[in-house]
Each structure stands twice: as structure tokens, then as C-alpha cells.
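Have a look at the structure below, then the notes.
The values are calculated or read from the model by the stated rules, or taken from the named source; none is laboratory data. All of these numbers come straight from a predicted model, not from anything done at the bench. Reconstructed Cβ throughout: ideal geometry from the backbone, glycine too, with neighbour counts over all protein chains shown.
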Amino acid sequence: MRSDAELIARSLAEPEAFGALYDRHAGAIFRYLGRRVGAETGEALAHDAFRIAFERRKAFDPERASALPWLYGIAANLLRKHRRAEARWRKASARMAAGGAAADGGRSAAALEARELFGRVAAAVDVLPELEREALLLYAWEELSYEAIAEALEVPIGTVRSRLARARARLRELDPARGKERARSK
């Protein structure tokens, strides 16, 4: 059996030889990314990782026996890039929503309060675990039903209910003003 370094060196002249490296390590990379961001996003990122590895195969250090650490590094970089892009998107959405609330020229106290609240909510949503955040965003922003969320995420409806319940509980814990309101009402 050829080493990873041999397969990569061979793929420089015969690009299809890279397929053997993919066959050897794709499962590990898919599992790593799938556990971090879910099956669908993980699969897309894994494909990107192998595309990047293929494009950068000339830079692979032939002294390494295994390409797996190199592939994990590419995958981890893609994961970080994905998370940064997702966070930027949520912050931009918060700014757009806040701008819409302020469109009345600040005439309304409710608009000002909504603007402040949306920024706090967006920051709190950023710290939720990925699976809870995804269910919450599908419910709150996309206005999907529990059934539609279950279908979209390919999980049972009970899982959707529990993820949403946990997300709501975490958001209540993160909002000190809400906690004070609850304490006063008891």
C-alpha cells in the first residue's frame, strides 16, 4: 500500500491518484466536521477541504507519512472561516434590523428599545451551541414550524423541541435584565 506522501506525489502527474487519498481519509474528515457543524455543513466543508488539499498538494511535505494531520488542519481552518462568516452575517442582520427600528427617526421609545434589544439578542445567540442556535434561527428568523425544522435538520420533532427549550433557557440565563424581571414577579 502506498503512503499518503507517495499518493500525493503521484497525483502531481496523475491527478486521479488523489482519489485514493480521498478514499482513505474522507470518513475521518467528514466525521470531524459533521460533529462540529452538523452533517450537511460538515459535508460541504469536507468537500472544500479536499478541494483545497488537491489544489495545494504541491506544498505537502513529503517527509510526512500521513496526510491526515494536514487535512485536519485544512478542515479546522475552514471551520474557523465558516464560523466567522456566520457570526458576521448574524451581526449584519442585527444591524439591519436595528436600522429598520430606527427608521422612524427615533420618534418611538419602543423603536429605540427594540434596537438595543436586538443587538443583545444577536450577541446572546452567538454563544449558543451550534445545534441549538440552528434550531432557534430556523424557528425565530425563518418562522418554520417545529415539523419543518425537524425535516430541515433531519431530526425527530422531539429533538427540535428540546433544542429550542435549551436555547430559550440559555438565553434567559444570559439576559440579566430578564432574570431580574422574573425575580420581581415571584
Quick one: which helices (runs of 4 or more DSSP H) lie wholly within the range 1-84 and hold at least 1 residues that are closer than 30 Å to E154 by Cα?
18-37, 39-55
Looking at (1) under 25 Å from A135 (Cβ atoms); (2) at pLDDT below 95; (3) surrounded by 16 or more Cβ atoms within 10 Å (Cβ to Cβ), can you tell me which one I74 breaks?
(1)
With respect to the numbered conditions (1) outside any helix (DSSP H, G or I); (2) at pLDDT 75 or above, which one is the sole condition not fulfilled by E142?
(2)
Considering the range 20-49 alone, what residues qualify as being more than 19 Å from the chain's Cα centre (by Cα) and free of Cβ contacts under 8 Å to residues at least 40 places away in the same chain?
A20, Y22, D23, R24, A26, G27
Given (1) surrounded by 15 or more Cβ atoms within 10 Å (Cβ to Cβ); (2) within 19 Å of the chain's Cα centre (by Cα); (3) at pLDDT below 95, index of the condition A67 fails:
(2)
Look through the range 98-120, keep the residues that are crowded, with 18+ Cβ neighbours inside 10 Å and within 20 Å of E86 (Cα to Cα), and return whichever of them is modelled with the lowest pLDDT.
A98
